[in-house]
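The values are calculated or read from the model by the stated rules, or taken from the named source; none is laboratory data. Worth saying up front: this structure is predicted, and the values here are computed from it rather than measured. We place every Cβ from the backbone using ideal geometry, glycine too, and count neighbours over all the protein chains shown. To get the accessible areas, we keep the full protein, side chains included, count just its heavy atoms, and leave off ligands, DNA and RNA. Shrake-Rupley method; radii C 1.70, N 1.55, O 1.52, S 1.80 Å.
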Amino acid sequence: MPKYDVCLSFAGEDRPYVDQVARHLTELGVSRFYDTDEQADLWGKNLVEHLDQIYRHDSRFCVMFISEHYARKMWTKHERQAAFDRALVSDTEYVLPVRFDDTEIPALRVGTGYLDISNRTPRELAEMIARKVGTAVSAPQPGWEYQLFSDTVAMLMRNLKDKRVSHEMGTAKPRRLITEDVDALDTFRARSRSLDGILNAVEDLLSPGRVQMAFGPPGRPGDRDKIKHLANGFVEQYEGLLDWSAELRGTTTPDRYTALYRAAAQLADQPLKQIEQFVEEFAAASDRGAGDLRLTLRYDLGAVEAELKKVQTT
C-alpha cells in the first residue's frame, strides 16, 4: 500500500507555487510527499536511496512540475528518473506532468497528457489532483469568486518578484539616451501622462459595472473566465507601473534632468504600495468569502514639481 497519494517533484525556484499546492492538498485530505514537511525525517538519511524509494514505490502518483529550472537540476533529475522507472512497469499512468513552460524533458513522451499551469491557481491544481486520486472535492462555497480573484492575482504577482526587487533597489537596464534638453522635457511630459493612463486603467478595471460582469449580480454565481480576465488585467497594470518606473530609471538625460527623472520614477512608489496593500487585505477577506474591490490610487507630485521648477528656472 503506497504511503502517499502523490509525491511532488519540482525545482526550488518554483517552490512558492508548489508550496501553495501542497497546503491546499492537505486541506483537501490528500496525502503527499513534500520535502519541506519531511525535514526531520530526511535528516541524516541517504537521500539518494530514500528519495528513490518515495518516487519509485511509495506514491500512487508523481506530480512533476516542469520548468526550465526543473530540467537542469541534479536532484530533480534523480527524482524524475525514479518516477519514469516506476512508470515503465506501471499498468496505469503514474507521472502527472504539469507545465510552467514548454521546456522539454528527456524520457517524457511527446504524447503524454499534461496540464498547463501558467494561468491555473495552486488551489485549482490541488483540486484537480484530488479528483485524480479519487478524493471528493466539495462544491464551491459561497464567495468562491473572491477567492479565485485573490488566488489568481497572488499567483501572477509572484512572477513579478524580480521586477519588484529591481524597483526597490532603484536599478534598471539602460533603455534610452537623450542628448537634447527639449527631448528630455518632452519625454518627461509624455511619460507623466502615461502614468495617469495606467492608474486610470486600474480603476476602470475595478469599476462596479466590470466587477458585476465578472462576479455576477447579487444572488447569482460569477463567471470564472471573466474573473480570471479581470485578475490578469489588474496584474498587467501593476506590471505596467513597474515597467514605467524602470523606463525612467533606465533613461540617460542631460545632467540637469537627472534629478527630475529620478523623482518622476519614484512616483510609482505610492500606487505600487497601495495596490500591494489592497491585494493583502483582499486576500484576508476572501478567506471569509468576501472582499471589497474598491481601489483609489494616489501619488504625491511635490518632489517632481520641485525638480521641474529647478529645470525650468535654469
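Taking every C-alpha pair closer than 8 Å and separated by at least 6 residues, the mean separation divided by the residue count of region 171-258 gives a relative contact order of 54 percent.
Computed with a 1.4 Å probe over protein heavy atoms only, the accessible area of Met157 comes to about 30 Å².
Projecting the Cα positions of Trp144, Val95, Leu205 onto the charge dipole of the chain (unit charges on Cβ atoms of Lys, Arg, Asp and Glu, taken about the Cα centre) puts Leu205 furthest along the positive direction.
Put a plus charge on the Cβ of each Lys and Arg, a minus charge on the Cβ of each Asp and Glu, and nothing anywhere else: the dipole of region 1-114 about its Cα centre is then about 160 debye. Using the Cβ-Cβ distance between Asp91 and Thr36 with R0 = 41 Å, the FRET efficiency computed as 1/(1 + (r/R0)^6) comes to roughly 0.80. So if we plug the beta-carbon distance of Asp101 and Arg193 into 1/(1 + (r/R0)^6) with R0 = 35 Å, what FRET efficiency do we get, rounded to 0.05? E(calc), rounded to 0.05, equals 0.50. Relative to the longest principal axis of the Cα atoms of the chain, the long axis of helix 269-286 makes an angle of roughly 40 degrees. Among 230-242, 169-181, sorting by the average number of other beta carbon atoms lying within 10 angstrom of each residue, highest first, gives 230-242, 169-181. Starting from 0.36 nm per residue, how many nanometres of slack lie between Ser118 and Asp300 once their C-alpha separation is accounted for? Full extension from Ser118 to Asp300 adds 61.9 nm. In percent, rounded to a whole number, the relative contact order of the chain is 17, using alpha-carbon pairs under 8 Å and six or more apart. Go ahead and run the numbers for FRET between Ala201 and Val137, Cβ-Cβ distance against an R0 of 41 Å, rounding to 0.05. The calculated FRET efficiency here is 0.70. Rounded to the nearest 20, the size of the Cβ-charge dipole of the chain about its Cα centre is 140 debye, with Lys and Arg at +1 and Asp and Glu at -1. Report note on the peptides 22-29, 90-97: ranked by the mean count of other C-beta atoms within 10 Å, highest first, their order is 22-29, 90-97.
Carbon-plus-sulfur accessible fraction, the chain (probe radius 1.4 Å, protein heavy atoms only): 50%. Which percent, nearest 5, of DSSP beta bridges in the chain are antiparallel? That works out to approximately 0 percent antiparallel. Taking the Kirkwood radius as Rh and the Cα radius of gyration as Rg, the chain has a ratio of Rg/Rh equal to 1.07.
Pairs of Cα atoms in region 108-206 fall into 5 Å distance bins, from 0 up to the last occupied one, in shares of 2, 8, 10, 13, 16, 12, 10, 9, 8, 6, 4, 2, 1, 0 percent. Can you classify region 1-82 as rounded, prolate or oblate using the Cα gyration tensor, where a ≥ b ≥ c are the square roots of its eigenvalues, rounded means a/c under 1.5, and otherwise it's prolate if a/b beats b/c and oblate if not? Because its axes are fairly even, with a/c under 1.5, region 1-82 counts as rounded. One decimal place: the segment Asn159-Gln277 gains 40.7 nm when fully extended, by the rule 0.36 nm per residue minus the C-alpha distance.
Oblate is the label for region 150-242, because a/c, from the alpha-carbon gyration tensor with a ≥ b ≥ c as root eigenvalues, is 1.5 or above and a/b does not exceed b/c. Percent of Cα pairs in region 198-314 per distance bin of 5 Å, from zero to the largest separation: 2, 10, 16, 19, 15, 11, 9, 7, 5, 4, 2, 1, 0.
Once you order the gyration tensor axes a ≥ b ≥ c over the Cα atoms, which shape class does region 49-134 get: rounded for a/c under 1.5, otherwise prolate or oblate by comparing a/b with b/c? Cα axes put region 49-134 in the oblate bin.
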